[in-house]
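The values are calculated or read from the model by the stated rules, or taken from the named source; none is laboratory data. Because the structure is predicted, anything quoted here is derived from the model rather than measured. Cβ atoms come from the backbone with ideal geometry, glycine included; neighbour counts cover every protein chain shown.
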Amino acid sequence: MRVTYFKSSFLDIFIFICLKNGNGTLEGVVLDEIKFFWKEDDVISYIEKNNLEQVDEKLLEDQGVVSDLFNLINEYLSGKRINLYDKIKNLNIDLSFSKKFGTSFSQKVMEIVSKLNYGETTTYSSIGQKINSKAYRAIGSILRKNPIPLVIPCHRVLGRNGIGGFMGETDGGKEINLKKALLKLEGVV
DNA sequence: GAAGCCATTCACA
DNA sequence: TGTGAATGGCTTC
């Protein structure tokens with residue numbers, strides 16, 4: 001378990017990344033978690049609180065895969081039309097969200113969301129139709145637990161009558177503003 | 001295990 | 001508009 005973070009100058013937020021099983025090689029790198037922080041102090045205290053091993057960014061830059069990962073995320077955040085999910089899978093980085101989502105219901109939800117293209121949006125009800133279920137709230141609570149936002153583009157899932165929630169928040173907090181910023185970035189009005 | 005909570009939606013008054 | 005029922009997984013005791 002190794003963690004690092006960097007600042008996105010475009011969105012003015014800190015992006016925290018947690019990798020598992022990576023020994024500096026391509027083999028067995030698992031992208032475990034992506035989190036957003038608005039202040040650097042918050043990232044640092046999160047890392048300290050959870051006793052995480054922070055990897056020196058310079059060290060990571062020497063390791064092809066990880067720097068490719070950073071570059072991809074930065075390119076995406078600077079407005080380049082790339083689909084992070086596909087690109088990261090091409091890097092042989094394991095996104096195995098199926099391990100985190102045990103039930104077939106939640107796996108289906110995550111699969112549908114992961115296939116959304118750049119700039120493409122859907123709604124909770126539309127996902128429900130695809131998996132033949134009316135449990136819209138259950139879909140929301142699964143997306144809420146998405147460990148790798150941006151890569152699994154849960155910000156592209158909107159409510160029928162509004163933007164819906166993001167990162168556990170439902171009203172006009174900074175999380176929702178971030179969701180709006182990501183949608184704007186992708187050209188979704 | 002059971003109860004209660006959720007990033008929802010729809011029907012109906 | 002507003003209320004209330006349906007929905008299925010997850011968290012918390």
Restricting segment A:14-28 to residues that are within 26 Å of residue A:101 (Cβ to Cβ) and within 16 Å of the chain's Cα centre (by Cα), the one modelled with the lowest pLDDT turns out to be A:20
With the condition kept exactly as written, say whether any residue in segment A:97-116 is surrounded by fewer than 19 Cβ atoms within 10 Å (Cβ to Cβ), outside the structural domain of residue A:69 (by TED's automatic domain parsing) and within 10 Å of DNA strand B (Cβ to nearest atom).
no
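Does at least one position in segment A:40-52 carry a residue that is of a type in the set (A, V, I, L, M, F, W, C), surrounded by fewer than 19 Cβ atoms within 10 Å (Cβ to Cβ) and at pLDDT below 85? Steps first, answer last, please.
In the first step, residues of segment A:40-52 are kept if they are of a type in the set (A, V, I, L, M, F, W, C); the result is A:43-44, A:47, A:52.
Now narrow it down to the ones that are surrounded by fewer than 19 Cβ atoms within 10 Å (Cβ to Cβ): A:44, A:47, A:52.
Then drop every residue that is not at pLDDT below 85, which leaves none.
Checked against the condition, which is being of a type in the set (A, V, I, L, M, F, W, C), surrounded by fewer than 19 Cβ atoms within 10 Å (Cβ to Cβ) and at pLDDT below 85, segment A:40-52 yields no hits at all.
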Restricting to segment A:89-105, count the residues that are modelled with pLDDT under 90 and either more than 16 Å from DNA strand C (Cβ to nearest atom) or part of a helix (DSSP H, G or I) (or both).
10
Which of (1) more than 14 Å from DNA strand C (Cβ to nearest atom); (2) within 15 Å of the chain's Cα centre (by Cα) is the odd one out, the single condition residue A:172 does not satisfy?
(2)
Might you let me know whether segment A:131-139 holds any residue that is within 11 Å of DNA strand C (Cβ to nearest atom), touching a Lys or Arg at 6+ places or on another chain (Cβ under 8 Å) and not aliphatic (A, V, I, L, M)?
no
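Restricting to segment A:133-152, give me the number of residues that are more than 9 Å from DNA strand B (Cβ to nearest atom) and of a type outside the set (A, V, I, L, M).
Initially, segment A:133-152 is screened for residues more than 9 Å from DNA strand B (Cβ to nearest atom), giving A:133, A:147-148, A:150-151.
If we keep only those that are of a type outside the set (A, V, I, L, M) too, we end up with A:133, A:147.
Final tally of qualifying residues: 2.
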Somewhere in segment A:146-160, is a residue in a helix (DSSP H, G or I) and either within 14 Å of DNA strand C (Cβ to nearest atom) or modelled with pLDDT under 90 (or both)?
no
I'd like the full set of residues that are in contact with a helix residue (DSSP H, G or I) (Cβ under 9 Å, 6 or more places away or on another chain) and not small (Gly, Ala, Ser), limited to segment A:124-139.
A:124, A:127, A:130, A:131, A:134, A:136, A:137, A:139
Name the pairs: first residue in segment A:166-179 and among the hydroxyl-bearing types (Ser, Thr, Tyr), second residue within 16 Å of DNA strand C (Cβ to nearest atom) and not in a helix (DSSP H, G or I), Cβ to Cβ under 9 Å, at least 6 apart or on different chains?
A:170/A:164
